[in-house]
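Student: Provided herewith is a single structure, encoded as structure tokens, for subsequent inquiry.
The values are calculated or read from the model by the stated rules, or taken from the named source; none is laboratory data. Keep in mind the model is a prediction, meaning the values are calculated, not measured. Because the Cβ atoms are built from the backbone with ideal geometry, glycine has one as well, and the counts that use them run over all protein chains shown. For accessibility, only protein heavy atoms count, side chains too; no ligands or nucleic acids. Shrake-Rupley method; radii C 1.70, N 1.55, O 1.52, S 1.80 Å.
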Amino acid sequence: MCDRAYPKKLAFQYLEELRNEFERVNGSQIETAARPYAFIKFDTFIQKTKKLYQDTHTQRNISKLNDELYEVHQIMTRNVQEVLGVGEQLDQVSQMSSRLSSESRMYADKARDLNRQALIRKWAPVAIVFGVVFVLFWLKNKLW
């Protein structure tokens, strides 16, 4: 429909403008069209619009392209901001993971100490009793 060098965005805008105008003017008559050239009067609009879009350097077409470029720029800026936000969240998760790892090591050390203390409390009286009995037998054997 157009040269390869013609901007794609402008070509699609041309088609979009034709479609919108056709639906606005003839939208209700499409289903009831009985003859092949029922919409021939729409050709004048096509020709006028074609003249507007033929020169890519007109101010109207340049401003349309700039508007499209601005929209793309906004989308890209938003995407970059989202990526940076995800990066910050990953940093926070990494810090939380490091903190959790160090706290779990401290918890494991404290649990080991508590187990050792419980073992001492459980078996210390038995060891003392056996120690006293052993000393008494030793003294008994030494003295007699």
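Student: What per residue convex hull volume, in Å³, comes out for segment 1-71 when only alpha-carbon positions are used?
Tutor: 106
Student: With only Lys, Arg, Asp and Glu charged, each at its Cβ (+1 for the first two, -1 for the last two), find how big the charge dipole of the chain is about the Cα centre; round to the nearest 20 debye.
Tutor: 1140
Student: To continue, here is another question. Filter the DSSP H helices in the chain by two things, a Kyte-Doolittle mean of at least -0.5 and an axial alpha-carbon span of 30 angstrom or more, and list the hits by number.
Tutor: Flagged H segments are 59-143.
Student: OK, next. Tell me which of M106, W123, V72 sits at the most positive position along the dipole axis of segment 68-131, charges placed on C-beta atoms (Lys, Arg +1; Asp, Glu -1).
Tutor: Highest projection toward the positive end goes to W123.
Student: Mind checking which lysines have their Cα closer than 25 Å to the Cα of K122? Skip sequence neighbours fewer than 8 apart in that chain.
Tutor: Once the sequence-local lysines are set aside, what remains near K122 is K110.
Student: Using the Cα centre as the reference, give the magnitude of the dipole from point charges on the C-beta atoms of segment 98-143 (Lys, Arg: +1; Asp, Glu: -1; all else neutral), rounded to the nearest 20 debye.
Tutor: So the dipole magnitude of segment 98-143 works out to roughly 100 debye.
Student: Quick one: what do you get for segment 58-119 if you divide its Cα Rg by 2.2 N^0.38 Å?
Tutor: Taking the Cα Rg and dividing by 2.2 N^0.38 Å, one obtains 2.54.
Student: Also: Using only the Cα atoms of the chain, each taken as one equal point scatterer with no solvent, compute I(q) by the Debye sum, divide by I(0), and report log10 of the ratio at q = 0.13 Å⁻¹.
Tutor: Each listed q maps to, in turn, -0.87.
Student: Please calculate how many Å² of accessible area segment 98-143 carries per residue, with a 1.4 Å probe and no DNA, RNA or ligand atoms counted.
Tutor: 98
Student: Could you tell me which of S28, P7, L143 has its Cα farthest along the dipole of the chain towards the positive end, charges placed at Cβ (Lys, Arg +1; Asp, Glu -1), taken about the Cα centre?
Tutor: About the Cα centre, the residue reaching furthest to the positive side is L143.
Student: Also: What does the charge add up to near I46, with Lys and Arg as +1, Asp and Glu as -1, over the other residues with Cβ less than 12 Å from its Cβ?
Tutor: +2
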